[in-house]
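Inspection log for the structure reproduced underneath, given as structure tokens.
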Amino acid sequence: GNSVTQMEGPVTLSEEAFLTINCTYTATGYPSLFWYVQYPGEGLQLLLKATKADDKGSNKGFEATYRKETTSFHLEKGSVQVSDSAVYFCALSDKPTGGSYIPTFGRGTSLIVHP
Amino acid sequence: NAGVTQTPKFRVLKTGQSMTLLCAQDMNHEYMYWYRQDPGMGLRLIHYSVGEGTTAKGEVPDGYNVSRLKKQNFLLGLESAAPSQTSVYFCASNWRTAGLAGSTDTQYFGPGTRLTVL
């Protein structure tokens, strides 16, 4: 079956530090890959996505590259802000044979950014 | 557009009581999902629906029932609540893009319902 593994948190950084959150996946087909962000007290919202190998998704200074050879989709940001403090979820969506697009989520990584 | 809305936002139940959580979306999405989120467990899929009148079990369906009588609504029922069902429940929806490799089926989430079962 499909699975997503992401680094455990919390990740604690100072403002303007470089961020990497690792995500690797296993999938039976050719999935689309996503990063979602959850701010305190809210639902998840899409941060960025990529649909094929070597695609780079980017948004709000975050970026991630779909690496098929290493089955990875690591999230990076060059300079984090306090407002980036949230929980980040890596996810994939893959259509099984004759089935539906059911997403698979990682367990989430909490990011805490201090001033 | 309101997007995905959930009712209620908070609820406290006693063991054995029943309740229904309502999810509504105004984006004409075919797919709808119910998840629960627990500390350290991430999101777990309870049930989902691929269209009006259809439902299917997810990863953790026991103790829950669902119905999708109208395309825009997806109801989650707890017939006899248990403390293990204390959780935050999220509804989500997305387009169906069947037939495309690498579907861009972004999920749209509601704000969540925080349920406590005593």
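The values are calculated or read from the model by the stated rules, or taken from the named source; none is laboratory data. A quick note: this is a predicted structure, and the numbers were derived from the prediction, not measured. Here the Cβ is made from the backbone with ideal geometry for all residues, glycine too, and neighbour counts use every protein chain on show.
Of the residues that make up segment B:21-40, is at least one without any contact (Cβ under 8 Å) to a residue 12 or more places away in the chain and of a type outside the set (S, T, N, Q)?
Yes, because at least one residue in segment B:21-40 is without any contact (Cβ under 8 Å) to a residue 12 or more places away in the chain and of a type outside the set (S, T, N, Q).
Can you say whether B:Asn28 is farther than 30 Å from A:Leu48 by Cβ, more than 11 Å from chain A (Cβ to nearest Cβ) and surrounded by fewer than 20 Cβ atoms within 10 Å (Cβ to Cβ), as far as the supplied structure shows?
Answer is no for this residue.
Could you tell me which of the residues A:Phe34, A:Phe18 is touching a residue at least 60 places away in the same chain (Cβ under 8 Å) and either touching a Phe, Trp or Tyr at 6+ places or on another chain (Cβ under 7 Å) or closer than 16 Å to B:Asn94 by Cα (or both)?
Result of the check over A:Phe34, A:Phe18: A:Phe34.
Any idea how many residues of segment A:50-63 are in contact with a Lys or Arg (Cβ under 8 Å, 6 or more places away or on another chain) and not in a loop (DSSP other than H, G, I, E, B)?
Final tally of qualifying residues: 4.
In this structure, does A:Thr51 turn out to be surrounded by fewer than 21 Cβ atoms within 10 Å (Cβ to Cβ), touching a strand residue (DSSP E or B) at 6+ places or on another chain (Cβ under 7 Å) and modelled with pLDDT under 95?
Yes, satisfied.
From the list A:Phe105, A:Phe89, A:Phe18, which residue is of a type in the set (A, V, I, L, M, F, W, C) and loosely packed, with under 14 Cβ neighbours inside 10 Å?
When all the criteria are applied, what remains is A:Phe18.
I need the full set of residues from segment B:1-20 which are in contact with a Lys or Arg (Cβ under 9 Å, 6 or more places away or on another chain) and surrounded by 14 or more Cβ atoms within 10 Å (Cβ to Cβ), in order please.
Listed by number, the residues that qualify are B:Arg11, B:Met19.
Look at segment B:41-87 and say how many of its residues are away from chain A (no Cβ under 12 Å), touching a residue at least 12 places away in the same chain (Cβ under 8 Å) and of a type in the set (D, E, K, R).
5
Could you check segment A:66-92 and list, in sequence order, the residues that are part of a strand (DSSP E or B) and either touching a helix residue (DSSP H, G or I) at 6+ places or on another chain (Cβ under 9 Å) or over 23 Å from A:Ser110 (Cβ atoms) (or both)?
Answer for segment A:66-92, where residues must be part of a strand (DSSP E or B) and either touching a helix residue (DSSP H, G or I) at 6+ places or on another chain (Cβ under 9 Å) or over 23 Å from A:Ser110 (Cβ atoms) (or both): A:Arg67, A:Lys77.
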